[in-house]
Amino acid sequence: MSDLIQFRLSLDSLAKQHIIRQIMSTNAVSGQFGLALNEADAEQILAARHIILKNLGRVEVESGVISQLIIVFCRSPFINQENYTSVIIDLIEAFYYFKNETRDEISDMELIELMKERFDNYCAGSTELLVSRELEDVLQAVRQEKYYSTLCCDQNEVSE
Amino acid sequence: MNNLPFSKHPLKPSALNPDNYLVSLLNTAFASQLISEIDIQTIQAQVMDVFKEVLFRYTGGLSSSVTTATAQSLINSILYCIDARLLALNSPEESLRELQSKPVSEIYKDGLILVESCLEETRQLYALTKASRIATDLIAYNSTIDKGLPGFLAYYDPRFRAHDTMADIDYPLASNCLNQRGIFYIQEYIRMLNLENQFCSRFAESDISRLLQNYGRTYHIDYPEFLLNIFEIVFTNAVFAVMLGQGACHLSISKSDSDFLRSQLYSLDLSLIPTVLKQTVDRLIVQLGISNSELISYIKSAENSLIHRVLQALKNDSLDKILISDFPDRIESATLKQHEIMKDADFRNLVNQLSQPVDSQTKSALILDNIHTLTDFIDILEADCLDSQDYQVLFQHLGDLELSMLASQIMPDICWDEDAPLMQRLSSTHAEKEWEAQLILYLTNMSSEKLKVIQQLIIQLV
């Protein structure tokens, strides 16, 4: 029983049902845009996050960014009910990948909003383009400590 | 949570790991059926709740995730604080009761307060220790006090890295610290360093400095560069000085006293050595007027180490490596160091004069009148203006000190001691230059008594 008390960080120790309820509560917002997740979808997203976090060497408590991502991205014209779950999973993976690559220098909401803006305006809803092209630019800027100036320019361009 | 009867299943402190106390306590208690699996899961879940709070503070609420390495570090920091609180209680049973009666978040907060107050106490102790520092050239000692310890105390973070012991602390203490991590380790390290300083402050700084120099010469090392413990060296010689009946504050032991003491100790039965040393240490404590029980206890722990080292040295016939005896003061070759090197023009002029057909006595007089440094002297020997007879006549005009200086130049890598006679060394020395061969020839024709004197001078020079 020596393994009984090992304070390993894993989702197993967290209340799974509680997180699933948190994810499904986003339906109240996404429903306005014709999108909804059932319990099986929420479980699929949660299971995918578990694997993604493990593969990318990260730890998150509770539902973390899932709900935030859904609330922001459900407004995208490129997401429909058919691709909803798979796109959310792809976005979760992209999100954690860039958290690692930027060494956590960008806050969760900053990164989500940046992803949303690029996803809608430059990638036509392609998560592949988002990762391989758009966010690489952001990454380069962060590495050169030019992130904030890049972000300012982009916001100006969008507003124009 | 259930409270179970402790009297039937006492938790042995020795079975618990102080560096991983909570985990080892729960494992042991579970094995003894003092805590249920459900209670353990509840405690684990409460630790995770504390982790969430700490994570939120760590990211400033701007990120809900961190890398696995960061998360593990935060968990270790939390467990360190919980352990601090549980270890402050009187017994493992009491610690277990605390876990069963209080939320983990409260235990964590109590532990965090203990860690923070320990940090403050340690800062004050460091200031005292720095004020009582020993004036020494020892690099590790100085860098630990001036950089390693203040650097750690400035950047130590009880909330997020309480378990951290990352510090540039190179100076080795005479005893090992029991606490292995975090601020409790640093506090114990500084406490022990302070005790060592207190002991050494009873001796004159010049005596300690001289003892360390003699230590370096005994081991043929440049002592400031080495990881030595000053207290251990001072304590050892102080014990031997008391054994010799010298005053307690004396660290200096002459060669003859050292030889006498060695012969006395070698004549004793090994079984008597511990008693003799213990009695001497007791006398040392009294004579130095030490009444601080903490310092006495520290000296007693050093006493055990000393007994072990002395017994080993007696078995290996190496007591002279523990008992550091005086070396005669280094001879300052005043006549050769107070003058500057000759100017090139003057040197060329002298070589021209020596190249003229003059007798050996005149050449010797010219050299001795004009040359005042060893460098110039060797340059003139190598200037191709002397023949074999000139060399022999010139060497006749040199004193023992000058001859020993020249001899040490042609045998620089030899470890000089009195075991091997100079004659034996000369016969095995290969001369690369004419003057070296002439010097070896000159020295080998000297009497053995004269060579002994020169050898002694070489030992003092090296």
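The values are calculated or read from the model by the stated rules, or taken from the named source; none is laboratory data. Remember, it's a predicted structure, so these values are computed and weren't measured experimentally. Cβ placement follows ideal geometry from the backbone for every residue including glycine, while neighbour counts extend to all protein chains displayed.
For A:Ile88, the conditions (1) within 14 Å of another protein chain (Cβ to nearest Cβ); (2) hydrophobic (A, V, I, L, M, F, W, C); (3) closer than 17 Å to A:Ile23 by Cα all hold with the exception of (1). Residues being polar (S, T, N, Q), away from chain A (no Cβ under 11 Å) and either more than 30 Å from A:Arg58 (Cβ to Cβ) or surrounded by 14 or more Cβ atoms within 10 Å (Cβ to Cβ) (or both) are represented in segment B:75-87 by at least one member.
Residue-wise test of (1) at pLDDT 80 or above; (2) touching a Ser or Thr at 6+ places or on another chain (Cβ under 6 Å); (3) over 16 Å from B:Leu381 (Cβ atoms); (4) surrounded by 16 or more Cβ atoms within 10 Å (Cβ to Cβ).
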residue	(1), (2), (3), (4)
B:Gln396	yes, no, no, no
B:Leu403	yes, no, no, yes
B:Asp413	no, no, yes, no
B:Ser448	no, no, yes, no
B:Gln456	no, no, yes, yes
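Looking only at residues in segment B:1-34 that are closer than 16 Å to B:Leu89 by Cβ and of a type in the set (A, V, I, L, M), the one that is modelled with the lowest pLDDT is B:Leu11. Does B:Ser252 qualify as being surrounded by fewer than 18 Cβ atoms within 10 Å (Cβ to Cβ), among the polar types (S, T, N, Q) and in contact with a helix residue (DSSP H, G or I) (Cβ under 8 Å, 6 or more places away or on another chain)? Taking the combined requirement at face value, the residue satisfies it. Note on segment B:88-108: residues that are more than 14 Å from every other protein chain (Cβ to nearest Cβ) and among the hydrophobic types (A, V, I, L, M, F, W, C) amount to 3. In segment B:9-28, the residues that are within 9 Å of chain A (Cβ to nearest Cβ) and free of Cβ contacts under 8 Å to residues at least 40 places away in the same chain form Cβ pairs under 6 Å with partners that are surrounded by fewer than 19 Cβ atoms within 10 Å (Cβ to Cβ) and not in a helix (DSSP H, G or I), at six or more places apart or across chains, as follows: B:Ser24/B:Asn17; B:Asn27/A:Ser2.
Of the residues making up segment B:29-74, those that are touching a residue at least 12 places away in the same chain (Cβ under 8 Å), facing chain A (nearest Cβ under 7 Å) and more than 26 Å from A:Ile112 (Cα to Cα) number 2.
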